[in-house]
Amino acid sequence: MIVMTPGAGAAEIAAVRERLETTGVHVLVMPGELTTAIGAIGDPEGVRELGLEGMPGVDRVVPISRPYKLASSELAHHAPTSFAVDGRTVGGGSTFCLIAGPCTVEDRDSTLAVAQTVRAGGASMLRGGAFKPRTSPFAFKGLGLPGLEILAEARAETGLPIVTELLDTSHAAAVAEVADVIQIGARNMQNYALLEVAGTLGRPVLLKRGLSSSLEELLMAADYVLKEGNERVVLCERGIRTFETATRFTLDLSAIPWLKLHTHLPVIVDPSHASGDRRLVEPLARAAAAVGADGIIVEVHPDPAAALCDGPQALVAADFAAFAERVAAHAALDGRALA
Ligand code: PEP
Ligand code: MN
């Protein structure tokens, strides 16, 4: 919809109409009492690129259709997407995925031990980073390929599907071989080349919201994966930057019901990175269940004080089973059973 200024004359209106018609859209001129509005009905992409805001007599261009397409719940009235990861259902409304594990694969023994602990506690999948995006280049960046081998062993021992991050396109084949779900980290949400590669690997993609990204941007990032023909995308709210510094990030809980209205994709919550504080993880996990999330992803460590990364937010492994039981009880209130 192009809204003209009150002083726009017939020649200016005609010029906008002609310009719009070059893109093949149907043009509808609607004179009002004060201003004229011009509707452009059809594919909005061409219209966006016309730069109509700069034309004489144009006050503003108001997009009516949404900028994300494949992720949109408007897409041919798309039913909620759900898919199985080795028998665990993600999305669809009747399951709650509990993804748990260390922030980082630090060594074989502790990773296998945490894997056994979270499996016994009812986890749906095991998380753990072999390639870590670190804010400082001098911090521990993960074990890399040997870390992937440890994850493969954990999978063989526990039967838990593996969720691990793809940080760089050059690791794509190696990560895809071990990962049952490929994680795209918050810092890479708008790494479009990486998203396109992730879309071609034949694995579900867990796409984390960027630290300073809007929900519209998240859905447009999801479109990058979806357009490669990969429908198995799960979105993750993991906290955003706000003025508040008491918590590591601010968990945007309203993102979950908003996303449920605007996209067909499943949505999970990461209360660990959002809060940065293990004492807040359970209340936020319960809140995630209450607002309709399809699951959570949490960090767990046998001895968080000794963790190489994100210790303060890691749940103590010995406490995991009780945590999982209480969160599952909250998910059950919404009719969801652990996946
Ligand atoms: C992670 O889950 O390991 C991680 C690094 O999280 P984020 O990308 O959300 O910071
Ligand atoms: Mn972490």
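Scanning the range 250-269 for residues being within 16 Å of ligand 2 (Cβ to nearest atom) and open to solvent by 10 Å² or more (accessible area, probe 1.4 Å) gives a total of 1.
Just the residues that are among the hydrophobic types (A, V, I, L, M, F, W, C), in contact with a Pro (Cβ under 8 Å, 6 or more places away or on another chain) and in a strand (DSSP E or B), please, taken from the range 282-299. Hits for the range 282-299 are 296, 298.
The residues in the range 109-128 that are farther than 20 Å from residue 183 by Cβ and in contact with a Leu (Cβ under 9 Å, 6 or more places away or on another chain) can be counted, and the count is 2. With respect to the conditions (1) more than 22 Å from residue 206 (Cα to Cα); (2) surrounded by 15 or more Cβ atoms within 10 Å (Cβ to Cβ), residue 90 lacks only one, and its number is (1).
Results for (1) open to solvent by 20 Å² or more (accessible area, probe 1.4 Å); (2) within 16 Å of ligand 2 (Cβ to nearest atom); (3) touching a Cys at 6+ places or on another chain (Cβ under 8 Å), shown as yes or no for each residue.
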{"position": "71", "(1), (2), (3)": "no, no, no"}
{"position": "86", "(1), (2), (3)": "yes, no, no"}
{"position": "97", "(1), (2), (3)": "no, no, no"}
{"position": "116", "(1), (2), (3)": "yes, no, no"}
{"position": "120", "(1), (2), (3)": "yes, no, no"}
{"position": "129", "(1), (2), (3)": "no, yes, yes"}
{"position": "167", "(1), (2), (3)": "yes, yes, no"}
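Within the range 174-196, which residues are in contact with a Pro (Cβ under 8 Å, 6 or more places away or on another chain), within 20 Å of residue 241 (Cα to Cα) and either more than 13 Å from ligand 1 (Cβ to nearest atom) or assigned to a loop (DSSP other than H, G, I, E, B) (or both)? Within the range 174-196, 185 is the sole residue that qualifies.
The values are calculated or read from the model by the stated rules, or taken from the named source; none is laboratory data. Values in this document were obtained by computation on a predicted structure and should not be read as measured data. Neighbour counts run over all protein chains shown; Cβ positions are idealised from the backbone, glycine included. Surface areas here come from the heavy atoms of the whole protein model, side chains and all, with no ligands, DNA or RNA. Shrake-Rupley method; radii C 1.70, N 1.55, O 1.52, S 1.80 Å.
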